[in-house]
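Just passing along the structure, written as structure tokens.
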Amino acid sequence: MKNIILLLLAFCPFSAMAQNNFKVPPYEQFKLKNGLTVYLMEQHEVPLINVSAVFDAGSINDGERYGLASLTADALLFGTQKYTKAQIEELTDYVGATLSTYASKDNAGLAASFAVKDQEKLFEIIQQVLMYPVFDATEFDKHKQRTLLELAQAKESPRSVIGNYYNAFLFSNFPYATPTTGSKSTVEKIDAASVKAFYQSNYTTGKGAVAIVGDFKAAEMKKKVTALFGEWKTAPSRMVKRVAPNLEFEKSRVLLVNKEDARETTFMIGGKGIDYNSPDYVPVVVINTILGGRFTSWLNDALRVNSGLTYGAGSRFNRYKYAGTFGISTFTKNSTTVPAIDMALSVLDSLHKTGINEEILASAKAYVKGDFPPDYESAGALARLLTDMFIYNFDESFINTFQSKVDGLTVAQAKDIIATYFPKDKLQFVFVGKASEIKEQVKKYGELSEKQIKADGF
């Protein structure tokens, strides 16, 4: 019984705080001499330690070799100076630890979770993975072939790839337009030497951070982290100046991606969203909850519950460091493509014309406040929060004031938020479906361009 209770606590150590008073627990932040930023947060509820490490090594740095950041992150685990790939997997599995790497558009990193009693071995493995990867060519080539197969398989599922087409359509020449996982032609050109060079250029201590959250004494952990990473010497951090992309469109446009065997049309409709540090993020979340952010949203009610046109419809704001997008998404039978689109547009239009009242706003506020604290209840989530703060340059006030900002939103302010951030004209449409059945019908929504889903890239 004691073990069961400990396990439950591991997933919800802050359940008592899952109310309106949720705050980021105290933490310590410091910098090593080599420029690496370190966050330490003590959490003694369960004997676990969680690690999150991030670097300015996301796909925004891929250049013309789409997929390079993603493959580099994967290849960190293909062996180190001390351990083979198999040994890393065996050692972590044996003690029930987790260790993974990832790349997103803005950053890349590592996540790990393990018992306190196993920390010496796991910290050594993490040090090896971050500082001494060897990018084994044999393991890389096997993984590359699997990646190429996965890229081909993904195009059999429109819902898996429509986001890539949407980003490519909206962001045009800005790096967010390219898929993090790459495309067939670009991945084929990447080898083990390429990922090693990307690692050496982008995994730099000057633009890196490590967050450690769990059952430890901060003073002791500070010594441990300094010993592990203090002598790490990397290339100097590169200063890259980026200008935020212009997502103000002059007219409505339509991208039709032909999938000749499609029985359904999958679509996204929207336009400009908000970047990661938008001061209006909180009210945007509340309003989007009403429109398409929960099961009882207006979009889901209209397209699923009331009409049966789809099994689900929603809307979301995807936020990145320099920009973001807004999109309504769903899927429907070929024969009901236009009715589904028109209904989605009607719901969006009603948000602008009719707006929301006090009762609707109160319901959305309660939902958002109830949904918010669990996002940061686990030690792993808190570790990732700390490294997100580093990457996106915000502090704990974002979390600490979240619920008061929700409470403070009024109907009048909501009207302004809707007008400012929820696009109602010059919309951008992306459809993946059978062109021969829907092309003539979707022309009415804007200037039409076409692609073939079987073609390389997005």
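The values are calculated or read from the model by the stated rules, or taken from the named source; none is laboratory data. Quick caveat, the model's predicted, so the values are computed rather than measured. When we count neighbours, we look across all protein chains shown, and the Cβ atoms used for this are built from the backbone with ideal geometry, even at glycine. Areas reflect the complete protein model, heavy atoms only, side chains present, ligands, DNA and RNA absent. Shrake-Rupley method; radii C 1.70, N 1.55, O 1.52, S 1.80 Å.
If you go through the range 437-458, how many residues are touching a strand residue (DSSP E or B) at 6+ places or on another chain (Cβ under 8 Å), outside any loop (DSSP other than H, G, I, E, B) and surrounded by fewer than 19 Cβ atoms within 10 Å (Cβ to Cβ)?
8
Condition check ((1) part of a helix (DSSP H, G or I); (2) small (G, A, S)) across all residues:
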residue	(1), (2)
E231	no, no
R242	no, no
D275	no, no
V284	yes, no
I290	yes, no
G293	no, yes
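Assess whether G408 counts as being modelled with pLDDT of 95 or more, surrounded by fewer than 20 Cβ atoms within 10 Å (Cβ to Cβ) and closer than 19 Å to F171 by Cα.
no
Hey, another quick one. Among the listed residues S172, S157, which satisfies the condition of being within 25 Å of the chain's Cα centre (by Cα), farther than 26 Å from V54 by Cα, modelled with pLDDT under 95 and among the hydroxyl-bearing types (S, T, Y)? Spell out how you get there, then give the answer.
Details: S157 fails: modelled with pLDDT under 95.
Being within 25 Å of the chain's Cα centre (by Cα), farther than 26 Å from V54 by Cα, modelled with pLDDT under 95 and among the hydroxyl-bearing types (S, T, Y) holds for just one of S172, S157, which is S172.
While we're here: For the range 41-85, which positions are within 21 Å of S113 (Cβ to Cβ) and either part of a strand (DSSP E or B) or polar (S, T, N, Q) (or both)?
M41, E42, Q43, L48, I49, N50, V51, S52, A53, V54, F55, T80
Given the residues E64, E45, which is the only one that is surrounded by fewer than 24 Cβ atoms within 10 Å (Cβ to Cβ), touching a helix residue (DSSP H, G or I) at 6+ places or on another chain (Cβ under 8 Å) and within 16 Å of D191 (Cβ to Cβ)? Please lay out each step first, then the result.
Working: E45 fails: within 16 Å of D191 (Cβ to Cβ).
It is E64.
Here is a further query. Of everything in the range 351-405, what is within 23 Å of the chain's Cα centre (by Cα) and basic (K, R)? Give them in sequence order.
K369, R384
Can you confirm whether the range 18-31 contains a residue that is open to solvent by less than 10 Å² (accessible area, probe 1.4 Å) and of a type outside the set (A, V, I, L, M)?
yes
Tell me which residues, restricted to the range 358-405, are open to solvent by less than 40 Å² (accessible area, probe 1.4 Å), of a type in the set (F, W, Y) and part of a helix (DSSP H, G or I).
Those that are open to solvent by less than 40 Å² (accessible area, probe 1.4 Å), of a type in the set (F, W, Y) and part of a helix (DSSP H, G or I): Y392, F402.
For the structure I just gave you, tell me whether V195 is open to solvent by less than 40 Å² (accessible area, probe 1.4 Å), out of contact with any helix residue (DSSP H, G or I) (no Cβ under 7 Å at 6 or more places or on another chain) and not in a loop (DSSP other than H, G, I, E, B).
When the stated conditions are applied, V195 does not pass them.
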